[in-house]
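One structure is given here, and the rest of the page talks about it.
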Amino acid sequence: MKFIFKYIALFICFGSFAQTLTSPQIGCVSILPNGNIAVTWSVTPGLGGQFASYQIYTSPTLNNPSYTNQAGITNYNTNTYVITTITNANTQPYFIYIHTITTSSITLTAVDTVRTLFLSVTSPVGAPGIAHLSWNGFAQPIPAGEASSYSVYRKYYYNGGGWAFIASVPFNPSGNINYNYYDTITVCKDSIDYKIELTNTLLNCTSVSNVAGANFQNKNNPTPPPIDSVSTINNGTQIIIGISPAYSQDVKCFDIYGSDGSTYTQIGLICNYNQATTYTYIPNPSPAVGSVTVSVVSQDSCGNLSQFPINQSTIYTTASYNQCKKTAYINWTPYQNMVTGVHDYQIFCSTNNGPFVCIGDTNATVYYHKGLAPGTTYCYFVRAHSNGKTIAGKDTASSTSSQFCITTNNPPISSFAYLNNVTVNAQQTIDVQWNVDNAVLIGGYNLYRATNKTGPYNLVSYIPSTNAYSDASVNTNSEEYFYFIQVLDTCLNPTLQTDTSNNIVLKAVPSANSTATLNWNNYAKYLGGVSGYNIYRSVNGIFSIAATNIQGTNYVDDLSPFAADEGTFIYYVEAVEGPGDPYLLAEKSQSNYDTVYVDANLYIPNSFTPNGKNKLFLPIGAYIDNSDYQLDIYDRFGQKIYETTDPNTGWNGGGHQEGVYAYTVQYKTSIGEYRQRHGTVNLIR
């Protein structure tokens with residue numbers, strides 16, 4: 001803003017001296033609280049003895065032709081002056097320039113005209129929470145030494161009533177000398193003042209505007225405070241929330257909320273005027289039974305609430321134990337919405353209530369703790385670490401989960417196991433039956449067998465569930481087998497083992513005088529012992545008991561009562577358990593079947609008298625198979641005169657004369673051998 005004067009003609013008479021000297025440059029104008037104006041300028045160099053005075057002129061308008069001379073300063077080294085004749089600079093701007101008068105009465109024109117910084121503050125329509133600051137520029141162009149921007153200051157109760165720097169507004173290089181700034185009100189209803197300052201570093205002075213302000217009310221919601229982390233403490237019974245200051249300045253309280261995912265419930269309030277803090281409480285339900293979600297809302301001094309930020313939830317940890325692998329499977333819910341993200345999870349373990357130690361880290365949400373000792377209590381928790389520093393610039397944040405404990409026990413073991421029975425069935429395979437404690441869950445059984453009681457024993461089969469097995473890979477007629485059962489726990493580890501029991505092998509042979517001799521091995525063993533052996537015999541395919549309670553392992557059976565039968569006799573032996581079984585069982589074990597074949601014997605008479613004592617010609621047989629029998633009678637001419645297939649039917653000679661007749665008898669023995677006998681018989685009348 002150049003001021004154009006009418007004294008140009010005065011420079012013509014003074015040559016080069018007048019052309020090189022200038023008036024001082026005004027560096028600062030400050031409006032004092034009483035409305036006066038303080039002016040600071042730079043002393044004009046080179047005047048020396050030519051200096052007469054500085055003349056200060058002011059006007060409320062730029063183009064007013066009559067500027068008021070406010071002072072004449074005759075001290076060459078003076079560079080500041082307070083214009084006391086102006087008392088209303090707080091309510092309107094003033095334009096100022098300085099002339100210099102020489103001792104020769106020459107007027108050195110002003111370098112420039114500057115303007116006091118006049119500030120006005122208003123609240124835009126519809127925006128009661130915004131202060132609009134508008135002020136004029138100091139000079140265009142800016143004098144040397146001025147700062148590159150205007151400083152904006154604010155004063156209200158929040159900072160104790162003092163002035164606080166809030167912003168810098170740079171000079172507008174386009175030449176527009178009107179400036180604006182919009183301040184968001186961060187306090188409740190209050191009277192707020194502002195001022196503008198511009199510093200000159202060459203003169204070490206500051207231009208200060210008038211103080212302007214108004215009553216404002218904050219209608220803007222504050223920003224929510226960042227949550228550093230949410231952790232469980234005190235063995236998982238409490239929750240602690242780490243809260244960082246909100247970005248908004250006017251935050252009076254933090255409202256603590258719990259969330260079930262759809263609704264929020266206030267659980268606490270902290271009024272600390274926006275300071276970093278923590279909040280601890282006992283949630284319901286407990287974080288030991290599930291993840292707990294929290295949120296923190298800012299409340300300013302007007303009662304305005306921030307929006308609900310992104311929730312954060314505690315880490316919920318569980319663990320399960322694999323008895324067979326002796327491994328704990330530790331699982332946890334992921335920690336979400338940590339300000340800078342989760343870097344990793346550390347897993348901590350306490351053994352038998354000892355101190356917690358870190359046993360590993362992972363980026364996953366599962367961890368396998370291997371090699372655990374049975375009969376031990378292990379407690380776990382997980383700690384999430386942030387990825388770098390938090391938004392508040394603190395060290396890395398962490399969130400600690402709930403605790404979860406397990407006790408490592410071996411699989412349960414049956415309290416008893418024993419063999420009920422080893423017996424040969426009708427198919428001549430061996431059935432093995434056993435009994436175990438059914439109150440305990442087991443993993444199955446291994447059946448072992450040997451042909452000698454002392455072994456070696458070989459695994460016959462793994463039986464997953466049933467308590468019986470039929471062993472078909474045996475020869476029960478000639479081999480004695482020894483068995484035991486190995487009980488397996490749910491991890492298929494061997495636990496209990498039963499006693500050894502064996503099958504009964506029977507050997508039956510025919511002997512003299514129509515008898516059969518039976519021999520067998522002892523049965524071992526019943527819990528009640530063997531009270532005796534029963535002998536069963538099959539005659540013509542029908543079994544019946546031949547002897548009971550035999551003490552010992554041999555027996556001779558009289559077969560003479562069965563001479564009329566076919567001569568094939570099948571035997572088996574049955575061991576009977578005694579009364580001493582503690583489980584009140586009464587088992588029976590059968591042997592294999594063994595067969596005795598008695599040789600056939602046929603008596604044929606040489607004569608008969610139909611009218612006398614021997615009325616029939618009837619061969620008498622013992623132990624003959626009646627199914628294949630044939631008797632034929634021939635006369636002296638070789639003609640067949642009689643035949644029968646019934647061994648109980650004889651020839652009565654009817655219709656034939658006394659004399660000699662030929663016969664043929666064909667029969668089959670008990671072992672299936674066909675025999676034939678020839679001869680003659682006398683028919684006597």
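Table for the structure above
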quantity: Every residue from segment 417-438 that is of a type in the set (A, V, I, L, M, F, W, C), out of contact with any strand residue (DSSP E or B) (no Cβ under 7 Å at 6 or more places or on another chain) and touching a residue at least 12 places away in the same chain (Cβ under 8 Å); calculated: none
quantity: Subset tally (residues that are within 14 Å of Ile241 (Cβ to Cβ) and of a type in the set (Asp, Glu)) for segment 256-299; calculated: 0
quantity: Filter result (out of contact with any Gly (no Cβ under 6 Å at 6 or more places or on another chain) and not in a loop (DSSP other than H, G, I, E, B)) within segment 598-618; calculated: Asn601, Tyr603, Ser607, Phe608
quantity: Among the candidates Phe482, Phe416, residue that is farther than 28 Å from Tyr572 by Cα and either surrounded by fewer than 18 Cβ atoms within 10 Å (Cβ to Cβ) or among the hydrophobic types (A, V, I, L, M, F, W, C) (or both); calculated: Phe416
quantity: Residues within segment 219-234 that are of a type in the set (A, V, I, L, M, F, W, C) and either at pLDDT below 90 or more than 22 Å from the chain's Cα centre (by Cα) (or both), tallied; calculated: 1
quantity: Among (1) over 15 Å from Tyr593 (Cα atoms); (2) surrounded by fewer than 18 Cβ atoms within 10 Å (Cβ to Cβ), the one test that Gly528 misses; calculated: (2)
quantity: Flag if Asn284 is surrounded by fewer than 16 Cβ atoms within 10 Å (Cβ to Cβ), assigned to a loop (DSSP other than H, G, I, E, B) and not hydrophobic (A, V, I, L, M, F, W, C); calculated: yes
quantity: Conditions (1) modelled with pLDDT under 95; (2) part of a loop (DSSP other than H, G, I, E, B); (3) closer than 30 Å to Ser465 by Cβ; number of the one not met by Asn420; calculated: (2)
quantity: Selection count, segment 137-150, where residues are in a strand (DSSP E or B) and either touching a Gly at 6+ places or on another chain (Cβ under 9 Å) or crowded, with 17+ Cβ neighbours inside 10 Å (or both); calculated: 2
quantity: Lone qualifier among Asn446, Asn477, Asn425 - being among the polar types (S, T, N, Q), more than 46 Å from the chain's Cα centre (by Cα) and either within 27 Å of Tyr583 (Cα to Cα) or assigned by TED's automatic domain parsing to the domain that holds Tyr571 (or both); calculated: Asn425
quantity: Filter result for Pro173 (more than 51 Å from the chain's Cα centre (by Cα), assigned to a loop (DSSP other than H, G, I, E, B) and not basic (Lys, Arg)); calculated: yes
quantity: Selection count where residues are under 18 Å from Asp499 (Cβ atoms) and among the hydrophobic types (A, V, I, L, M, F, W, C), scope segment 425-441; calculated: 4
quantity: Where a residue in segment 667-679 is farther than 15 Å from Ala563 by Cα and in the same structural domain as Gln630 (by TED's automatic domain parsing) and its partner, wherever it lies, is assigned to a loop (DSSP other than H, G, I, E, B) and polar (S, T, N, Q), with Cβ under 9 Å and at least six apart; calculated: Arg675/Thr669; Gly679/Asn606
quantity: Candidate set: segment 485-525, residues that are more than 54 Å from the chain's Cα centre (by Cα) and among the β-branched types (Val, Ile, Thr); chosen: the one surrounded by the fewest Cβ atoms within 10 Å (Cβ to Cβ); calculated: Val509
quantity: Unique match (being more than 30 Å from Gly659 (Cβ to Cβ) and part of a strand (DSSP E or B)) among Gly528, Gly532, Gly621; calculated: Gly532
quantity: Matching residues, segment 470-514, being part of a loop (DSSP other than H, G, I, E, B) and free of Cβ contacts under 8 Å to residues at least 40 places away in the same chain; calculated: Ser473, Asn475, Ser478, Glu479, Ala512
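The values are calculated or read from the model by the stated rules, or taken from the named source; none is laboratory data. What you are looking at is a predicted structure, and each value in this text was computed from that prediction instead of being measured. No Cβ is skipped: glycine too gets one built from the backbone with ideal geometry, and neighbour counts run over all protein chains shown.
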